[in-house]
Amino acid sequence: MLSKCKSRAQTTINFPKKKFHRCCPVVKETGQESPPKEKNLPLSPRKRLGTENLCNIPQPLQCSPTKRKKENQPMAPSTPRGRKLEFGESLLKQAACSPEKQEPLAAGKSPERATNPLSKGDETPCSGNSLRGLKSVARNLEQRGTCFQQTKQVLNTAIPERLLARESETEAISQFIVGCVSEKKPGSLYVSGAPGTGKTACVERLIEDLKGKLGDTIIISINCMSLRSSQTIFCSIVDKLFGKGKLHCTSKDFPKKLENKLTSLGPMVLLILDEMDQLDSKAQDVLYRLFEWPWLTNSRLVLIGVANALDLTDRILPRLQARPKCKPQLLNFAPYTREQIVAIVQDRLNQVSGEKVLEPVAIQFCARKVSSVSGDARKALDMCRRAVEIVESNARNQPAAKSALKSDSPAKPARSPGSEKVGLLHVSQVISEVYGDRMKSSSGSDECFPLQQKLLVCSLLLLIRQSKAKEFPLGKLHDTYTKVCRQHQMSAVDQSECLSLCSLLESRGIMSLKRSKEARLSKVALKIEERDVEHALHDKVLMGNILLKGLP
């Protein structure tokens, strides 16, 4: 009986004839379901394709788009992923709202097309008046931006094509140069004047205009501010005259070689030295030698010196008075008047095509202030350019589209940011920044002017009162400053920190500092009037006591 059962059980065993998918259950002939067998697959899901990619996962997961294949998920309808930002006319064209296109949309367009914000017939909340205002504002901003850029370009301090209000000075320099070169005779001319009065610009413009008349004349122009020391002027002249590195001798022999060169046969040499007062040296031997060269025997040098000091030849070079032959001709450039500054600014603005961005009242106010202080035309141009930059920055920061959308009625349009001009308030703001009280901070806080700097200014003022001199070595100023601090039982800084304090005061425009190789020998001077310092410092009890007690 048992054998029969065993044989019957063995004959009823059914083996699967083929493999089914894991999602399709395997049904035996007996009608019972059996779980599918797990299949070992490689671990990298990126290399599997089709349904094998999700064989080990009971339900498909929302993974990153890089790991999901197109075969694993249905294709979703393409929807815009964000909006593209566009500026200028392209944005205005896309945002155009036409009543003819909005009526059929309201009549019976498909909802899918109506809900799409980027569709052609989309209904937008803007009106025709606001769109026209937006277009006009964009066009106005573009035009005004171009006017701002052109105005800033013409208000630069570069050498202009023509110089106004300097006709007599230009004629005098031209006659001197042409007369000396044409007659082959040497000479020297000293041009003086305050900064910004057109000295350098006048000389350089004349040289450019007279190149045809000068012929084979050798022209050498040197800015003495670029020299390391006053003795290097001879090396610079040698490089220009002989060629760089072609004269093989020591620097001490340069003056003698130059004298031999300038007294030998050859074309005339026109030497222009800008900022000539920077050639200050011990016993002024450099300046004396330069002014004596034109009057050597057979000399062919024509010297033009340009500097700010009016009395350079009288105060620094007194020996020239004993030799009238070596004394140069003098030409002084007076500061610009109010009318001349207005003419200069207006002439620059006339080069700009289109509407002028500077109001005449603002130009008059700037010219009046500058002429009363220094007569510096460069400072007036800088102020006007700075005022234009302020207005341009305000116009850019102001939201143009918002102001245009607010103008619903064409009768009362909103004011465009580009329509603002440079007025009296803008120029006044710049002038207050330039000519403001340098002893007081802009915020009115006393902490912006530290105590140690006040003590240093008081010490310098005490030295000026005692010795009647205007310039002192840093070592002497530090000694006086230390005594003042000790007298009032306050701590003093060392000499290196004192030099740093002088640098900070120089940046504020209160002191002038001429550095030297040795810090103790650096020259310090006061740049503002003594009464201004006293007025600013007498408000404090401590500062008043220091000035009243004097030097210890």
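The values are calculated or read from the model by the stated rules, or taken from the named source; none is laboratory data. Remember, predicted model here, so these are calculated numbers, not experimental data. So basically every Cβ, Gly included, is an ideal-geometry build from the backbone, and we count neighbours across all protein chains shown. Accessible surface is based on the protein model in full, side chains and every heavy atom, while ligands, DNA and RNA are left aside. Shrake-Rupley method; radii C 1.70, N 1.55, O 1.52, S 1.80 Å.
Descriptive notes on the structure:
- Contacts under 6 angstrom Cβ, first residue in the stretch 388-405 being under 15 Å from residue 152 (Cβ atoms) and among the aromatic types (Phe, Trp, Tyr), partner crowded, with 17+ Cβ neighbours inside 10 Å and modelled with pLDDT of 85 or more, 6 or more apart: none
- Considering the stretch 271-328, and only residues there that are closer than 19 Å to residue 260 by Cα, touching a Phe, Trp or Tyr at 6+ places or on another chain (Cβ under 9 Å) and at pLDDT 90 or above, the residue that is most open to solvent (accessible area, probe 1.4 Å) turns out to be 289.
- Contact map, the stretch 496-514: residues that are farther than 14 Å from residue 457 by Cβ paired with residues that are modelled with pLDDT of 85 or more and among the charged types (D, E, K, R), Cβ distance under 6 Å, separation 6+ or inter-chain. Pairs shown: 514/523.
- Residues in the stretch 492-525 that are part of a loop (DSSP other than H, G, I, E, B), open to solvent by 70 Å² or more (accessible area, probe 1.4 Å) and at pLDDT 85 or above: 1 in all.
- The residue list 361, 357 contains one member that is under 31 Å from the mean Cα position of the chain (by Cα) and surrounded by fewer than 13 Cβ atoms within 10 Å (Cβ to Cβ), which is 361.
- Whenever a residue of the stretch 371-382 is farther than 19 Å from residue 349 by Cα, its partners that are open to solvent by 40 Å² or more (accessible area, probe 1.4 Å) and among the hydrophobic types (A, V, I, L, M, F, W, C), lying with C-beta atoms within less than 8 angstrom and at least six residues away or across chains, give the pairs 375/334.
Here is a yes/no grid of residues against (1) open to solvent by less than 40 Å² (accessible area, probe 1.4 Å); (2) assigned to a helix (DSSP H, G or I); (3) at pLDDT 85 or above; (4) closer than 28 Å to residue 421 by Cβ:
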position: 136; (1), (2), (3), (4): no, yes, no, yes
position: 145; (1), (2), (3), (4): yes, yes, no, yes
position: 161; (1), (2), (3), (4): no, no, no, yes
position: 179; (1), (2), (3), (4): yes, yes, yes, no
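- Selection within the stretch 328-355 - free of Cβ contacts under 8 Å to residues at least 60 places away in the same chain and basic (Lys, Arg): 338
- Meets criteria (polar (S, T, N, Q) and either open to solvent by 30 Å² or more (accessible area, probe 1.4 Å) or at pLDDT 55 or above (or both)) for residue 416: no
- Cβ separations smaller than 9 Å between residues 6+ apart or across chains give the following pairs from the stretch 255-283 residues that are free of Cβ contacts under 8 Å to residues at least 60 places away in the same chain and on the phi > 0 side of the Ramachandran plot to residues that are assigned to a helix (DSSP H, G or I) and surrounded by 16 or more Cβ atoms within 10 Å (Cβ to Cβ): 275/200; 275/224.
- If you go through the stretch 233-255 and keep only what is open to solvent by 50 Å² or more (accessible area, probe 1.4 Å) and polar (S, T, N, Q), you end up with 250, 251.
- Considering only residues in the stretch 190-225 that are hydroxyl-bearing (Ser, Thr, Tyr) and within 21 Å of residue 316 (Cα to Cα), the one that is modelled with the lowest pLDDT turns out to be 192.
- Qualifying positions in the stretch 526-552 - modelled with pLDDT of 75 or more, outside any helix (DSSP H, G or I) and either in contact with a Gly (Cβ under 7 Å, 6 or more places away or on another chain) or crowded, with 16+ Cβ neighbours inside 10 Å (or both): 526, 527, 528
- Looking only at the stretch 366-393, and only at residues there that are in contact with a helix residue (DSSP H, G or I) (Cβ under 6 Å, 6 or more places away or on another chain) and surrounded by fewer than 18 Cβ atoms within 10 Å (Cβ to Cβ), the one that is nearest to residue 197 (Cα to Cα): 368
- Just one of (1) modelled with pLDDT under 85; (2) closer than 29 Å to residue 528 by Cβ; (3) open to solvent by 60 Å² or more (accessible area, probe 1.4 Å) fails for residue 429. It is (1).
- Count of residues meeting criterion [assigned to a helix (DSSP H, G or I), farther than 21 Å from residue 544 by Cβ and either modelled with pLDDT of 90 or more or touching a helix residue (DSSP H, G or I) at 6+ places or on another chain (Cβ under 8 Å) (or both)] in the stretch 467-491: 5
- First in the stretch 311-326 and outside any helix (DSSP H, G or I), second anywhere and among the charged types (D, E, K, R), Cβ under 9 Å, 6 or more apart: 317/327; 323/292
- The residues of the stretch 356-370 that are in contact (Cβ under 8 Å) with a residue 12 or more places away in the chain and in a helix (DSSP H, G or I), listed by number, are 361, 362, 363, 364, 365, 366, 367, 368, 369, 370.
- Selection of the stretch 332-346 for residues being in a helix (DSSP H, G or I) and farther than 20 Å from residue 156 by Cβ yields 338, 339.
- All told, residue 247 falls short of being assigned to a loop (DSSP other than H, G, I, E, B) and either within 30 Å of residue 343 (Cβ to Cβ) or polar (S, T, N, Q) (or both).
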